[in-house]
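To start, the structure itself, in structure tokens.
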Amino acid sequence: MDFRTQLKSSNLSVTPVRLAIHESLVQKSHIEASQIFQIVQEKIQTTSIQAIYKNLNILVKHGLIREIKPKGMASLYEMRVGDNHHHLICRACDTILDTDCLDTAPCLTSTNPRGFVIDEAEIIFWGLCPKCQSSNKGDSL
Ligand SMILES: [Zn+2]
Ligand SMILES: [Zn+2]
């Protein structure tokens, strides 16, 4: 389903700003609102950062895009939704990568759900990416 159709089936109007937000997220995954704003502004000079935030919130609420909130970082946005995938973040360079949930989302199967119907599990693996691991070794020698 293309993005226009997704907007329509969520009863959202198809606006140039929403389409431009979608395009920016197709170009680059896991970017923050200020980066999206810069990309959108190249096409639509009249847009504002407030308009970007407002539209991002609406799109997140309708499940058309996903928001990730790593601690100590601004919210990041991406188009890949609905598969409950997880993220790897490098502590040194802030690189962020997708990593698949094991099998069919076993992390949604809590051993003790305490009556909750669970539909999402957010896992962020923090560490050092391969590039930063090798540069760290270089420092210690
Ligand atoms: Zn790194
Ligand atoms: Zn992701």
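Against the definition (within 13 Å of ligand 2 (Cβ to nearest atom) and either closer than 28 Å to Ile124 by Cα or charged (D, E, K, R) (or both)), how does Leu88 come out, yes or no? Show your work before the answer.
Working: within 13 Å of ligand 2 (Cβ to nearest atom): yes; either closer than 28 Å to Ile124 by Cα or charged (D, E, K, R) (or both): yes.
When the stated conditions are applied, Leu88 passes them.
Out of the helices (runs of 4 or more DSSP H) lying entirely within segment 1-74, which hold 2 or more residues that are open to solvent by 20 Å² or more (accessible area, probe 1.4 Å) and among the polar types (S, T, N, Q)? Outline the logic, then answer.
On the way: elements: 3-9, 16-27, 33-43, 49-61.
In segment 1-74, the matching helices (runs of 4 or more DSSP H) lie at 3-9, 33-43, 49-61.
Which one is most open to solvent (accessible area, probe 1.4 Å), of the residues in segment 90-103 that are modelled with pLDDT of 90 or more and more than 9 Å from ligand 1 (Cβ to nearest atom)? Walk me through it before giving the result.
Step one: of segment 90-103, the residues modelled with pLDDT of 90 or more are 90-99.
From the residues that got through so far, the ones that are more than 9 Å from ligand 1 (Cβ to nearest atom) too are 96-99.
Numbers: Ile96: 29, Leu97: 94, Asp98: 56, Thr99: 37 Å².
Looking at residues that are modelled with pLDDT of 90 or more and more than 9 Å from ligand 1 (Cβ to nearest atom), I get Leu97.
Asn84 versus (1) open to solvent by less than 30 Å² (accessible area, probe 1.4 Å); (2) polar (S, T, N, Q); (3) modelled with pLDDT of 95 or more: which is the lone unmet condition?
Unmet for Asn84, out of (1) open to solvent by less than 30 Å² (accessible area, probe 1.4 Å); (2) polar (S, T, N, Q); (3) modelled with pLDDT of 95 or more: (3).
Would you check if there is a residue in segment 118-130 being touching a Lys or Arg at 6+ places or on another chain (Cβ under 7 Å) and within 14 Å of ligand 2 (Cβ to nearest atom)?
No, that holds for no residue.
Quick one: is Thr109 more than 26 Å from Met1 (Cβ to Cβ) and surrounded by 15 or more Cβ atoms within 10 Å (Cβ to Cβ)? Let's see the steps before the verdict.
Working: more than 26 Å from Met1 (Cβ to Cβ): yes; surrounded by 15 or more Cβ atoms within 10 Å (Cβ to Cβ): no.
No.
The values are calculated or read from the model by the stated rules, or taken from the named source; none is laboratory data. Just so it is clear, the model here is predicted, and its values are computed rather than measured. All Cβ positions, glycine included, derive from the backbone under ideal geometry; neighbour counts span all protein chains shown. To get the accessible areas, we keep the full protein, side chains included, count just its heavy atoms, and leave off ligands, DNA and RNA. Shrake-Rupley method; radii C 1.70, N 1.55, O 1.52, S 1.80 Å.
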